[in-house]
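K.L.:
For reference, the structure I am asking about is given below.
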Amino acid sequence: QVQLVESGGGLLQAGGSPRHCCAASGSIGNIRRMGWYRQAPGKQRESVATIVNDGGSINYADFVKCRFTISRNYANNTVYLQMNSLKPEDTAVYYCNFLTFWSRTYWGQGTQVTVSS
């Protein structure tokens with residue numbers, strides 16, 4: 001059984017620079033894309049950053065450009081999100097997401113990030 005296990009999050013101060021990690025366990029197969037999403041209270045889940053494994057194409061949401069960095073270790077099925085210059089509006093539950101070449105998608109359990117000003 002495939003599981004995505006996230007680490008990171010918590011109660012943080014504005015301006016902080018935490019790092020999130022998400023690792024897949026189990027036989028997940030070949031991963032086409034890894035990404036991070038977030039969902040703030042009362043809002044829909046939105047994409048934060050994605051990285052395509054073939055070629056390494058990266059996309060960031062406008063609200064995190066130049067502040068967050070996504071990276072991955074393809075061999076270990078692990079994706080990271082380095083968050084810099086945190087803002088209170090970054091408060092949300094953050095989820096990692098893996099999409100396989102068979103178009104199967106997996107989600108992490110979600111980690112709460114609360115940013116205080």
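K.L.:
Longest exposed-loop-site-free stretch of the chain, with chymotrypsin sites (Phe, Trp or Tyr not before Pro), DSSP loop and at most 15 other Cβ within 10 Å?
P.N.:
It runs 1-100.
K.L.:
If you don't mind, another one. Taking loop as defined by DSSP and a crowding limit of 16 other beta carbons within 10 Å, which trypsin sites (Lys or Arg not before Pro) in segment 8-106 fit?
P.N.:
Those that pass, being in a loop and sparsely packed, are 43, 45, 65, 67, 104.
K.L.:
Once phi is turned into ³J(HN,Hα) by the Karplus curve 6.51 cos²θ - 1.76 cosθ + 1.60 with θ = phi - 60°, what whole-Hz value does each residue of segment 88-99 show in order, with x for glycine and proline?
P.N.:
Using θ = phi - 60°, the values come out as x, 6, 7, 4, 4, 8, 9, 10, 8, 9, 10, 10 Hz.
K.L.:
Right, here's the next one. Under 5 Å between amide H atoms, partner at least 5 residues away or on a different chain: which partners does residue 91 have, H built in plane at 1.01 Å?
P.N.:
Correct list: 115.
K.L.:
Using θ = phi - 60° and the Karplus form 6.51 cos²θ - 1.76 cosθ + 1.60, what ³J(HN,Hα) does each residue of segment 58-66 get, whole Hz, x for Gly and Pro?
P.N.:
10, 10, 10, 5, 4, 6, 10, 4, 6
K.L.:
In Å, the Kirkwood hydrodynamic radius of the chain over pairs of distinct alpha carbons?
P.N.:
14.2
K.L.:
Still on this structure, I have one more. Could you work out the relative contact order of the chain? I mean the mean sequence separation of Cα pairs under 8 Å and 6+ apart, divided by the number of residues, in percent.
P.N.:
Computed over the chain, the figure is 36 percent.
K.L.:
Could you compute the FRET efficiency for residue 69 and residue 1, with r as their C-beta to C-beta distance and R0 at 41 Å, rounded to 0.05?
P.N.:
0.85
K.L.:
Where Rh is the Kirkwood radius over the Cα pairs of segment 35-86, the temperature 4 °C and the viscosity 1.567 mPa s, what D in µm²/s does Stokes-Einstein return?
P.N.:
Estimated diffusion coefficient is 110 µm²/s.
K.L.:
Run through every distinct alpha carbon pair of segment 56-117 and return the Kirkwood hydrodynamic radius in angstroms, one decimal place.
P.N.:
Its Kirkwood hydrodynamic radius stands at 13.3 Å.
K.L.:
Below 8 Å between Cα atoms, with a sequence gap of 6+, how large is the relative contact order for segment 48-112 in percent?
P.N.:
20
K.L.:
Once you measure Cβ to Cβ distances between cysteines in the chain, which Cys have no partner under 4.7 Å?
P.N.:
21, 66
K.L.:
Starting from the Cα of residue 100, move 7 Å in the Cα-to-Cβ direction to define the label point; list residues of segment 42-73 whose amide nitrogen is under 17 Å from there.
P.N.:
53-54
We did not get these values from a lab; they are worked out from the coordinates using the rules stated. Because the structure is a prediction, the values reported are computed rather than measured. No Cβ is skipped: glycine too gets one built from the backbone with ideal geometry, and neighbour counts run over all protein chains shown.
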